[in-house]
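Peer 1: I'd like to ask some things about the structure below.
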Amino acid sequence: MKKYKFHLLALFATFMLLTSCGNNNGSKQSNGALNASAAEKVYVAPGEQDEYYAFLSGGYSGNLTVYGLPSGRMFKEIPVFSQFPTSGYGYSEETKPMLETSHGFIPWDDLHHPDISQTNGELDGRWIFVNGNNTPRIARVSLTTFETEEIIEIPNSAGNHSSSFITENTEYVVAGTRFSVPVPQRDMPISEYKSNFKGALSFINVDPEHGHMDIKFQLLMPGFNYDLSHPGRGKSHGWFFFTTYNTEEASTLLEVNASQNDKDFIAAVNWKKIEEYVNNGGGTKMPAKYAHNIYDESTHTGTTTMKNEVLTVNPIDVPGAVYFLPTPKSPHGCDVDPTGQYIIGNGKLSADLTVHSFDKMLEAIEGEKFDGEAYGIPILKFEDVLAGTVKSGGLGPLHTEFDDKGNAYTTFFISSEVVKWKLGTWEVIDRKPTYYSVGHLMIPGGNSRKPFGKYVVAMNKITKDRYLPTGPEMEHSAQIYDISGEKMELIYDFPTHGEPHYAAGCPASLLAPKSKKLYRLDENKHPYAVTSPDKARVERKGKEVHIYMSTIRSHFTPDNIEGIKVGDKVYFHITNHEQDFDVPHGFSILGQNTSELLIMPGQTKTSVWEPKQVGVWPFYCTDFCSALHQEMQGYVRVSPADSNIELSWSLGD
Amino acid sequence: MKKASIIMILGSLLLLGLFKFPLWNIMLGAPQYPEPLGINIYINGIQGMNEFDIQNIDGLNHYIGMKTLPKPEDMWEFTVFPIVIGSMAVLGILIGILSYFKKVNYKWFLGWLVLMTILGILGMYDFNAWMIDYGTNLDPNAIMKLQNPDGTPMSYKPPLFGHKKMLNFDAFSYPAMGGYLMSAGMLFTLVAFFLGKRVKTITQ
């Protein structure tokens, strides 16, 4: 018996030695027992589904990616601001209008901050809004089809960064400008920036039924940089908060010149007051050219409308609508806790977090305790609005999210960590490293009145050695932490696509049951749709040839076409006649100067082909649709321009 | 005897369930159909379990050269069956009422049940014959012509009752609500017969 005990001790000692060796190896800790429990937490068995959806912005990919939590598996890339050859988005005739702007067709943007629509401050899962940062736009993506349904351009704005955040009943989606610019745009010396440039904060109202967007008004603020924003909620519903930097109004070498003021501002905007002012005829209409693109699900087609006018509001014309809250050191994230009481300024050049109190702000406004003004906008006294300071011990706070137990989680870019702290007491509860240099973080619903505090996802800017190397360019890395306990626990690490700036998440049960399986053929109102194969045909209008084609496993109707000539502009209008879940058909033809089409059941898409060479050119289905997919092909005969071969088409003759 | 007559009437009424509920159900599941395709067979036609199931079953069947699933006008059965079921229900109710007023005796109950059983067997025979035709009378130009190991052409006849594996599909064929109601109705008439017989014996 004694001997047995000795053996156990020896084993234990060996184990200790082994684990301490592991720790000496640096950051790659490998504690077997811990890893096993973490694995169980993220393991979603084959055939099982995830608990949460996570929508990660794609940053410079221009698109939105859909992931599952806790598995970190990617389900879909939703094309929004970038052409997407996988589906033909931005290449098909139907979707080209979605990328139209006042500057013409733009194939790309930098997609930043997803926000899911809300009712009474809780996620309702109807739509997700995202912003295009470079050529300012806001897009609305349907959460039943998971497709982009609408894109509106924002005039007078530049670097559309303090966007696209929504008010708690999705009354407005808000888009603030990061770069102030001349409003209206004009030819003027850059050096005359100060007091001449303006920062437009746009309030875009959202039709509660269709989600259609329309710019209600633009607040023309002083020429600072409006970095991020968040809506008030609960008691502070009706207000919107924007962080600013470059209150110095520098136009060059901003990294030095915009970092001089000890404090910048959080701008508190009482949008309800401005809404009332505007509803009573206030504001100034200003000529402005901007595109409004709407995709109609029944015609499967997007259309562009150019708008010519926007309503602008000068903040000093609406007394009591805008105040500045001094906030230390160029704050980045501007986050509001689930109760709406605390407004957190993440001063990115500071170690501490500044928390303002909504109640104290109202008191200070009531008591008119101002500390001067900036361009006529009252500045409140820092001490009067301050609720507390989080002495974090970290460096470079960027963004804060919240759980449902009164805790906040802040990312620290410079010190590469997530810090958990308590609202009200401001004490730091826990801190965990991230890999590396974390930007945004996301808790499902963490940006609403009802967070689901089970996981936090940290999205990093630097990957380095986290995965197998793939040359100089790598995907970014993200980490998932279990936050159900007092201490955070790192449970998973996965690569993300593009550069996620923020994300939005929600319980799977909110979206999965209503996710569309197919488009109904009997509801297809596309002007070039064929609803039955006997209506498939080819029509010539001068040099334009329209091919009304249908597809079903496993053939095209028609699949032999003759009478096309060099110099023709051939439109393939293809309708997928399948009415079965997950049976798309693809289309491509040799020499096509565009992408393929991927056509969902019941959908019609159009590809243009301008044949330049005489010959017989094959086309085929690009999606392995069935056992006879390889047989799903056809030919188009292209004759010389002066040929007199009649147009003809057939199938199976 | 009154109790037996009422049970006879109730049993006959249960037949009318066939006008609302399907007689039979066939489900087809496969790896790529985790949500199985299914058809409900009513006395007046065939319907998909989900809206597009018939279209999708026909789409799959075209590979093996099967005829498309029949529409009501394609088969005389879908016209005759409702008349037969309706007539049998009316007849059963009539017998029940007459026996209630002591115009006929309990033996008529058995007579009705024997007739119904014969018609039922004929119906099943016809149903099976249709499935044999449907599963074996295939287009000679079918895309996929599969053979059994002995060289005979493979049959795609769904089972009359129970489970059968057909290529990648698992076919399940069982009575549905209308069929169960009909069986219950027939059981009721048998109960009515024995009840009537016992009452008769006691009164004698």
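Peer 1: What residue among A:Ala364, A:Val181, A:Cys506 has its Cα farthest toward the positive end of the dipole of chain A, where the charges are +1 on Lys, Arg and -1 on Asp, Glu, each on the Cβ?
Peer 2: A:Cys506
Peer 1: Just list whichever of A:Lys41/A:Lys329; A:Lys96/A:Lys307; A:Lys76/B:Lys145 have alpha carbons separated by over 28 Å in the model shown.
Peer 2: Pairs exceeding the cut-off: A:Lys41/A:Lys329; A:Lys76/B:Lys145.
Peer 1: Which pairs in the list A:Lys360/A:Lys391; A:Lys273/A:Lys450; A:Lys194/A:Lys272; A:Lys454/A:Lys517; A:Lys525/A:Lys605; A:Lys235/A:Lys432 are over 23 Å apart, alpha-carbon to alpha-carbon?
Peer 2: The answer is A:Lys273/A:Lys450; A:Lys194/A:Lys272; A:Lys454/A:Lys517; A:Lys235/A:Lys432.
Peer 1: Give me the base-10 log of I(q)/I(0) for chain A at each q in 0.06 Å⁻¹, Debye formula, one uniform scatterer per Cα, rounded to two decimals.
Peer 2: After summing over all Cα pairs, the log10 values are -0.39.
Peer 1: With the dipole of region B:2-203 worked out from charges on the C-beta (+1 for Lys and Arg, -1 for Asp and Glu) around the Cα centre, which of B:Phe78, B:Ala4, B:Met154 lies farthest toward the positive end?
Peer 2: So the residue furthest toward the plus end is B:Ala4.
Peer 1: When the Cα centres of region A:421-459 and region A:142-195 are compared, how far apart do they sit, in Å?
Peer 2: So the two Cα centres are separated by 27 Å.
Peer 1: Report the charge-dipole magnitude of region A:450-497 in Debye, nearest 20, computed about the Cα centre from +1 at each Lys and Arg Cβ and -1 at each Asp and Glu Cβ.
Peer 2: Its charge dipole is roughly 180 debye.
Peer 1: Right, something else. Can you find, among A:Trp426, A:Val566, A:Asn63, the residue farthest towards the positive end of the dipole of the protein assembly as shown? Put +1 on the C-beta of Lys and Arg, -1 on that of Asp and Glu.
Peer 2: A:Trp426
Peer 1: Straight distance only, please: which aspartates and glutamates reach the Cα of A:Lys405 with their own Cα at less than 19 Å, same-chain residues fewer than 8 apart left out?
Peer 2: Partners found: A:Glu122, A:Asp335, A:Asp337, A:Glu427, A:Asp430, A:Asp482, A:Glu486, A:Glu489.
Peer 1: List, in order, the whole-Hz ³J(HN,Hα) value for each residue of region A:109-115 obtained from phi through the Karplus relation with A = 6.51, B = -1.76, C = 1.60 and θ = phi - 60°; use x for Gly and Pro.
Peer 2: 7, 10, 8, 10, 10, x, 9
Peer 1: Relative contact order for chain A: what percent, with Cα pairs under 8 Å and sequence separation of 6 or more?
Peer 2: 10 percent
Peer 1: What are the ³J(HN,Hα) couplings of region A:612-627, residue after residue, when phi is run through the Karplus curve with 6.51, -1.76, 1.60 and θ = phi - 60°? Round to Hz, x for glycine and proline.
Peer 2: 10, 10, 5, x, 10, 10, x, 10, 8, 7, 8, 10, 5, 7, 6, 4
Peer 1: Which order do the peptides B:2-15, B:157-170 take when ranked by the mean count of other beta-carbon atoms within 10 Å per residue, highest first?
Peer 2: The packing order, highest mean first, is B:2-15, B:157-170.
Peer 1: Another one. Counting helices only, and only those DSSP H runs with n ≥ 4, report the 222 nm mean residue ellipticity of chain A as the sum of -39,500 (n - 2.57) divided by its residues, in deg cm²/dmol to the nearest 500.
Peer 2: Using -39500 (n - 2.57) per qualifying helix, the result is -3000 deg cm²/dmol.
Peer 1: As a test of the formula, what do you get for chain B when each DSSP H run with n ≥ 4 contributes -39,500 (n - 2.57) and the sum is divided by the residue count, at 222 nm and rounded to the nearest 500 deg cm²/dmol?
Peer 2: Computed mean residue ellipticity for chain B: -17500 deg cm²/dmol.
Peer 1: Assign unit charges at the C-beta atoms only (+1 for Lys and Arg, -1 for Asp and Glu), then state the dipole size of region B:2-203 relative to its Cα centre in Debye, rounded to the nearest 20.
Peer 2: In debye, rounded to 20, region B:2-203 gives about 1520.
Peer 1: Across the Cα atoms of region B:2-203, what radius of gyration and what greatest pairwise Cα-Cα distance (Dmax) are found, in Å?
Peer 2: In order Rg, Dmax, the Cα atoms of region B:2-203 give 20.7, 70 Å.
Peer 1: Right, next: State to the nearest 20 debye the size of the charge dipole of the protein assembly as shown about its Cα centre, where the only charges are +1 on K and R beta carbons and -1 on D and E beta carbons.
Peer 2: Its charge dipole is roughly 3360 debye.
Peer 1: How many angstrom lie between the C-alpha centres of region B:120-181 and region A:271-299?
Peer 2: One Cα centre to the other: 63 Å.
Peer 1: Here is a follow-up. Under the rule of at least 5 residues apart or a separate chain, name every residue whose amide H is placed under 5 Å from the amide H of A:Ser392.
Peer 2: A:Leu353
Peer 1: Between region A:304-334 and region A:485-543, what's the alpha-carbon centroid distance in Å?
Peer 2: Value for the Cα centre distance between the two parts: 34 Å.
Peer 1: List the residues, sorted by chain then number, that are 5 or more residues from A:Gly439 or on another chain and whose placed amide H is less than 5 Å from its amide H.
Peer 2: Hits under the 5 Å cutoff: A:Met459, A:Asn460, A:Lys461.
Peer 1: Tell me, what ³J(HN,Hα) does each residue in region A:299-312 have, in order and in whole Hz, if you take phi through Karplus 6.51 cos²θ - 1.76 cosθ + 1.60 with θ = phi - 60° and put x for Gly and Pro?
Peer 2: 9, 6, 9, x, 10, 10, 10, 8, 9, 10, 8, 9, 8, 10
Peer 1: Amide H to amide H, which residues 5 or more places from A:Arg126 or on other chains are under 5 Å from it, using H placed in the peptide plane?
Peer 2: A:Ser117
Peer 1: What share of all Cα pairs of region A:577-620, in percent, falls into each consecutive 5 Å distance bin?
Peer 2: Values per bin, smallest distances first: 5, 22, 25, 19, 13, 9, 5, 1.
Peer 1: Relative contact order of chain B: what whole-number percent is it, with Cα pairs under 8 angstrom and at least 6 residues apart?
Peer 2: 37 percent
Bear in mind that the values in this text are calculations on the coordinates, not laboratory data. Predicted, not measured: the structure shown is a model, and the values here were computed from it. With ideal geometry, Cβ positions are generated from the backbone for all residues, glycine too; neighbour counts draw on all protein chains shown.
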